[in-house]
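First comes the structure, then the notes that go with it.
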Amino acid sequence: MDACRFLLPKSEAQLSLEQNLQGTHHVGSSAQARSSLVPNTQPRDAKPRLLLMGLRRSGKSSIASVVFHKMPPNETLFLESTTRIQKDSIHSFMDFQVWDFPGQLEYLEPSFDLEDIFGSLGALVWVIDAQDDYLDSVARLNRTILTVQQYYPGINIEVFIHKVDGLSEEYRQDTFQDIVQRISDELSDAGYENAPVHYYLTSIYDYSVFEAFSKVIQKLIPNLSTLENLINTLSNNCGFEKTYLFDVLSKIYIASDTRPVDMACYEMCSDYIDVIVDISELYSWDHPLRKSKGEQVQEAESHVILHDETMIHLMEMNKYLCLVSVIRNPEAKEKKGLIDMNCRTFQDALNEVFSRSWEQEQIEQAAQGET
Ligand SMILES: Nc1nc2c(ncn2[C@@H]2O[C@H](COP(=O)(O)OP(=O)(O)OP(=O)(O)O)[C@@H](O)[C@H]2O)c(=O)[nH]1
Ligand SMILES: [Mg+2]
């Protein structure tokens, strides 16, 4: 394994990876300094909101804890039932909020203000326990969709058919088909054809919940197609088989090239981030006698060559994001310098995309202020 860079004295970038690891920038740390490259001009309440809803014990809090708080899946067994809405502010490449609802909350009753709950553009993530009887959950989801759609047609509805780890492959597919059918039938009976509802098979015991959340978050990123175009150009020029742009802490990928996602590839890249974060934790501490041998690169960078000559290449892009690529070309190790250079060019373009959207928001806000 070629991880020699991580034996060098600590660079600023390694420090930021550590900070990410310690979770200092994540939930509830609004005082944390932000990278100047990441837009932060939205008013607090304009952050996109993800609502986690579903019946009791369907797995909502477990999903939020595993994805955003790095809780090991087994420990979710000890989570208590949620009694009030849990609001998490996530500060990352894009600020957003995750609201975890108590299963028993009757939010459609007139005493609840729909504007308060659904008013901020985002996604409604409905969690269905696939190991349990799901008819009630489907009925309640349909009622929610029909109510919400009248007032907020722009909201994305994402259905997590959850806890599928306990189901056989065949039963999983049958359950999936059955749920999709029931929801679309009921909605079209109510006169609502082609509802924008998307379905995912998920479990906290594998990567499926990260993959599903990645898809949910990607729909909220305004520059997604620009990011995908940039990644496609990079991948084609460097012969990458698959490239992901990851949020380091949650390991959600915010964009990838447009080739089909291969789960094994995603798992490999996601695990590699853990390896690098662990290694930088071990070796990047300050040593009073250690002196830098020369100029240090700003961002953490590493690659590893596996037994079948596949190369995994990782480069930190900014405080929150890193680019991980899989290259199945034995010649790649001779062209490492070229790969690094192309990734740096991509990094410049990426940061320009973010700074541009930041400028755009400032212009929009100034225009709003004038009117
Ligand atoms: N097998 C399996 N169990 C899961 C999964 N996700 C959650 N669970 C279990 O489901 C149980 C309920 O999880 P919670 O996250 O507390 O459910 P909730 O939807 O937040 O429940 P309320 O707060 O009561 O609405 C816990 O024992 C979890 O360990 C999963 O993917 N697979
Ligand atoms: Mg809960």
Enumerated strands (runs of 3 or more DSSP E) restricted to the stretch 242-311, each holding at least 2 residues that are more than 23 Å from the chain's Cα centre (by Cα) and buried (at least 21 other Cβ atoms within 10 Å of the Cβ): none
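Can we say Ile312 is modelled with pLDDT of 90 or more and under 18 Å from Gly239 (Cβ atoms)? Please lay out each step first, then the result.
On the way: modelled with pLDDT of 90 or more: yes; under 18 Å from Gly239 (Cβ atoms): yes.
In short, yes.
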The lone exception for Asp88 - which of (1) farther than 22 Å from Ile145 by Cα; (2) near ligand 1 (Cβ under 8 Å from one of its atoms) it fails: (2)
What number of residues in the stretch 333-352 are touching a His at 6+ places or on another chain (Cβ under 8 Å) and touching a residue at least 60 places away in the same chain (Cβ under 8 Å)? 2
Scan the stretch 308-324 residue by residue and report those that are among the β-branched types (Val, Ile, Thr) and farther than 14 Å from Ser270 by Cβ. Thr310
Condition check: within 16 Å of ligand 2 (Cβ to nearest atom), at pLDDT 90 or above and either touching a strand residue (DSSP E or B) at 6+ places or on another chain (Cβ under 6 Å) or not basic (Lys, Arg) (or both). Does Ile217 satisfy that? no
Can you name the residue in the stretch 67-83 that is in contact (Cβ under 8 Å) with a residue 40 or more places away in the chain and within 8 Å of ligand 1 (Cβ to nearest atom) and, of all such residues, is surrounded by the fewest Cβ atoms within 10 Å (Cβ to Cβ)? Pro73
Failed criterion for His91 (all others in (1) more than 17 Å from the chain's Cα centre (by Cα); (2) surrounded by 18 or more Cβ atoms within 10 Å (Cβ to Cβ) hold): (1)
Quick one: in the stretch 91-107, which of the residues that are closer than 19 Å to Phe118 by Cβ and among the hydrophobic types (A, V, I, L, M, F, W, C) is farthest from ligand 1 (Cβ to nearest atom)? Phe96
Considering only residues that are without any contact (Cβ under 8 Å) to a residue 24 or more places away in the chain and surrounded by 12 or more Cβ atoms within 10 Å (Cβ to Cβ), look in the stretch 160-173 and name the one that is farthest from the chain's Cα centre (by Cα). Tyr171
In the stretch 67-77, what count of residues is obtained for those that are at pLDDT 90 or above and part of a loop (DSSP other than H, G, I, E, B)? 2
List every residue pair whose Cβ atoms sit under 7 Å apart, with the two residues 6 or more apart in sequence or on different chains, where the first one lies in the stretch 207-218 and is on the phi < 0 side of the Ramachandran plot and the second, anywhere, is part of a helix (DSSP H, G or I) and hydrophobic (A, V, I, L, M, F, W, C). Tyr207/Met263; Val209/Ile63; Val209/Val66; Val209/Val67; Phe210/Val67; Phe213/Val67; Gln218/Leu224
Considering Ala13, Ala33, which residue is farther than 22 Å from Pro222 by Cβ, among the hydrophobic types (A, V, I, L, M, F, W, C), at pLDDT below 90 and loosely packed, with under 14 Cβ neighbours inside 10 Å? Ala33
Reported set for the stretch 268-292 where residues are charged (D, E, K, R) and over 15 Å from Ser325 (Cβ atoms) is Asp274, Asp278, Glu281, Asp286, Arg290, Lys291
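The values are calculated or read from the model by the stated rules, or taken from the named source; none is laboratory data. These numbers were taken from a predicted model, which means no experiment stands behind them. FYI the Cβ positions are ideal-geometry reconstructions off the backbone, even for glycines, and counts take in every protein chain you see.
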